[in-house]
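Structure first, commentary second.
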Amino acid sequence: MKKTVLVLMAAALLCFNVGAQSKKAAFPKKPVTLVVGFNPGGASDLVSRMIAESMQKTLGVPVVVVNKPGATGSIALEYVRNSKKDGYTVCYMPVESTMVKALGYTNVQPSDFYYLGRVMTLPAAITVKADAPWKTIEEFLAYATKNPGKVTVGNSGTGSIWQVAAASVEDKTGIKFNHVPFDGAAPAIAGLLGGHIDAVACSASEVLPNVKGGLLRVLAVMSDERSPLLPDVPTMKERKIDVSVVGWGGFAVPAGTPAPVCAVLENAVKIAFGSAGFQQLCTERSMVLSYLDAKSMNTYAQGQYAYFSTLMPKLGIK
């Protein structure tokens, strides 16, 4: 009798362990790919790599970042939208993910994805070389006014949020820039450093290292308040130009991915947002820590999609 009881207990324990292991291994069982639609070195890439580093600790499998730049992120967005709905392919979702359909690049829209959450926002900034003749945003805009179409302003791609930033300045002032698209902010900044363009419209975070190094100068930021890391730099609104353009970054999987899988990934993104490494990155790079959970982010993305669908035709960006 005692032997039978022991056998039954052992069998029950074995079934429990097998069941627990099976449940634990349900997802993920292999590496997860995190696709970024821009070149290495920019804010999108830096954020994705830091989040991936934390996510793999939570998930217990490698999270491999793959860059697929081009068409303002459309190449990456289409790739992920068309990937298996199994949670093993995640996409970095910039604000451009709500803009590309209005631009005519692709038919991708927010409803094609399930957003796992947003982790940060970042304001646009107008930046020039440290030895440029313009010391203030007023001088820069005055020169551009007198020389329509002559001032070359680089951005992270045609239709990118940073081109929207420069175009919004044009819309408010009547100035005409010569927009020069690059495959990401990092190449645009390299073009500025090399003297190939006059200015860049991108986030303050992306130019900050070169500003600290004395190579670049930020003339103005496009946020409602001054950046805490650039306290001496005025906002456009301070200079009576009512422009506020903010980028943001989050993560998503294809729509239709099973809810239990989404829940695991949502949790991993949330933990990564709170990690010391990501918090430090945002502080150092002048990014604004701004978390939105999956439910809030999916609603927010639909609102952004409606907004940009109206704005893009007005700005004439194609």
| task | Express in nm, to one decimal, how much length is gained between Q304 and E138 on full extension, taking 0.36 nm for each residue of separation and deducting their alpha carbon distance. | result | 56.7 nm
| said: Quick check on packing: order 179-185, 140-146, 236-242 by the mean number of other C-beta atoms within 10 Å, highest mean leading. | reply: 179-185, 140-146, 236-242
| request: Report, in whole Å, the centroid distance computed from the Cα atoms of the stretch 270-318 and the stretch 189-203. | output: 24 Å
| Sequence ranges 45-57, 217-229, ranked by mean other-Cβ count within 10 angstrom, highest first | 45-57, 217-229
| task | Quick one: grab the alpha carbon gyration tensor of the stretch 33-85, order the square roots of its eigenvalues as a ≥ b ≥ c, and give me rounded if a/c is under 1.5, else prolate or oblate depending on whether a/b is larger than b/c. | result | oblate
| query | Which entries of K176/K237; K129/K314; K85/K270; K146/K212; K101/K150; K237/K295 show an alpha-carbon separation above 27 angstrom in the structure shown? | reply | K129/K314; K146/K212; K101/K150; K237/K295
| query | Of the peptides 189-198, 246-255, how do they stack up when ordered by the mean number of other Cβ atoms within 10 Å, highest first? | reply | 246-255, 189-198
| query | Which value in deg cm²/dmol, rounded to the nearest 500, describes the helix-derived mean residue ellipticity at 222 nm for the chain, given -39,500 (n - 2.57) per DSSP H run of n ≥ 4 and division by the residue count? | reply | -14000 deg cm²/dmol
| Förster-model FRET efficiency, 51 Å R0, T152 and L289, C-beta, rounded to 0.05 | 0.95
| task | Residues in the stretch 197-213, backbone N under 18 Å from the label point at K237 (7 Å along the Cα-to-beta-carbon vector): list them, ranges by number please. | result | 204
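Rule-based calculations on the coordinates, nothing more; no lab input. Computed from a prediction, not measured in an experiment: that's the story for all the values here. A quick note on method: Cβ atoms are made from the backbone with ideal geometry, for glycine too, and the neighbour counts reach across all protein chains shown.
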